[in-house]
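Working notes, structure below.
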Ligand code: PEP
C-alpha cells in the first residue's frame with residue numbers, strides 16, 4: 001500500500017529557538033503517533049533554517065523540504081535559491097506554485113512548471129500546488145483551473161511526471177479555517193488522478209495531497225478518501241500536538 005505523506009508548510013514562521021522546540025516535540029511523539037504503522041513526514045521550512053532543520057531531524061525519518069526554488073540554474077538572480085543549493089542541505093521536497101507565490105509573486109503556470117523541472121533535475125521531489133479561488137469555484141471553474149495548472153507541469157516535465165507530488169489546495173480554504181468537505185476534495189483529486197493517468201502509466205504511485213485548513217479534527221475523514229494520499233499542512237504544522245495527530249491519522 002502507498003504510504004501517505006504529511007508535509008508541514010511552515011510558511012514565513014519560526015525562529016532558531018521555536019524551531020528547536022517544535023521539532024523536539026514532533027520527534028518525541030512520532031513513534032507513538034505512528035503506532036507501529038507507517039507514514040512519510042516532511043517539514044517545508046524557510047530557506048534560512050534549512051541548515052538548522054537538517055541537523056535537528058537527522059536520524060528521525062522526518063524529511064526536509066523547501067518552500068520555493070528558482071527556475072534558473074545559477075547566476076545573476078539576486079535573492080533566489082537554486083535547486084542545487086537546496087540539495088546541499090539534503091532537501092527531499094520543494095513546494096512549487098503555492099497559491100501565495102502565485103498570488104503575491106505573480107508566478108504563472110509556466111514559471112511553476114519550470115521550477116518543478118529544476119527540482120526534478122536536481123533529484124528533489126516538487127510538491128506541485130494547484131487550486132481554485134472562491135470566485136473560480138463559484139463560477140464552476142474548479143476543474144478547468146486545476147487541470148490547466150497541472151497540465152503546464154505535465155507538458156514541461158514529460159516522462160518525469162510520475163516523480164512529482166501534487167497538492168490540491170483550494171485557495172479559499174488556505175488559512176481560513178474553511179475546509180473542502182471530504183467529498184468535495186475527493187472529487188477534485190479524482191479529476192487530477194485521471195489527468196495523471198492520461199499522462200503516465202504510473203499515475204497511481206503519484207501522491208495527491210489535500211491542503212487547506214487540514215487540522216487535528218478533520219484529518220482522519222479527509223485522509224480516508226481513496227485519492228487523498230496525504231496532507232499539506234500550514235497552521236496545524238506549527239503545533240507539535242496537532243501535527244502529530246494528523247500524522248497518526250495518516251499512518252497505515
Ligand atoms: C498551506 O499553506 O499550504 C496550507 C494548507 O495552510 P493551512 O493549513 O493553514 O490552511
Residue 90 versus residue 159, label points 7 Å from Cα toward the beta carbon: distance in nm? 3.1 nm
Relative contact order as a percentage, segment 26-129, C-alpha pairs under 8 Å and 6+ apart, gives 25 percent
Find how much the distance from residue 16 to residue 187 grows on full extension, using 0.36 nm per residue of separation minus their present alpha carbon separation; answer in nm with one decimal. 57.6 nm
Spacing of the two label points (7 Å from each Cα toward its C-beta) at residue 178 and residue 135, in nm: 1.4 nm
Using the 10 angstrom Cβ neighbour count as an exposure proxy, how do 12, 1, 85 rank, fewest first? 1, 12, 85
With a point put 7 Å past each Cα toward its Cβ, work out how far residue 51 is from residue 32 in nm, to one decimal. 3.4 nm
Ranked from fewest to most other Cβ atoms within 10 Å of their own Cβ, 133, 125 fall in the order 133, 125
Just to be sure I understand the curve: with the Debye formula and one point per C-alpha of the chain, what is log10 I(q)/I(0) at q = 0.07, 0.09, 0.10 Å⁻¹? -0.21, -0.34, -0.43
Hey, fewest Cβ within 10 Å first, where do 4, 147 land in order? 147, 4
Pop the C-beta distance of residue 78 and residue 151 into the FRET formula with R0 = 22 Å and round what comes out to the nearest 0.05. 0.10
What percent do you get for the relative contact order of segment 90-198 when only Cα pairs under 8 Å and 6+ apart count? 28 percent
P(r) of segment 131-252 in 10 Å steps, Cα pairs, percent per bin? 14, 45, 32, 9
Anyone know which of 242, 227, 68 comes out most mobile in the 10 Å Cα GNM of the chain? 242
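Every read-out reported here was derived from the displayed coordinates using simple, explicitly stated rules and does not represent laboratory data. Quantities reported herein were computed from a predicted structural model and do not represent experimental measurements. Methodologically, a virtual Cβ is constructed for each residue, glycine included, from the backbone with ideal geometry; neighbour enumeration extends over all protein chains shown.
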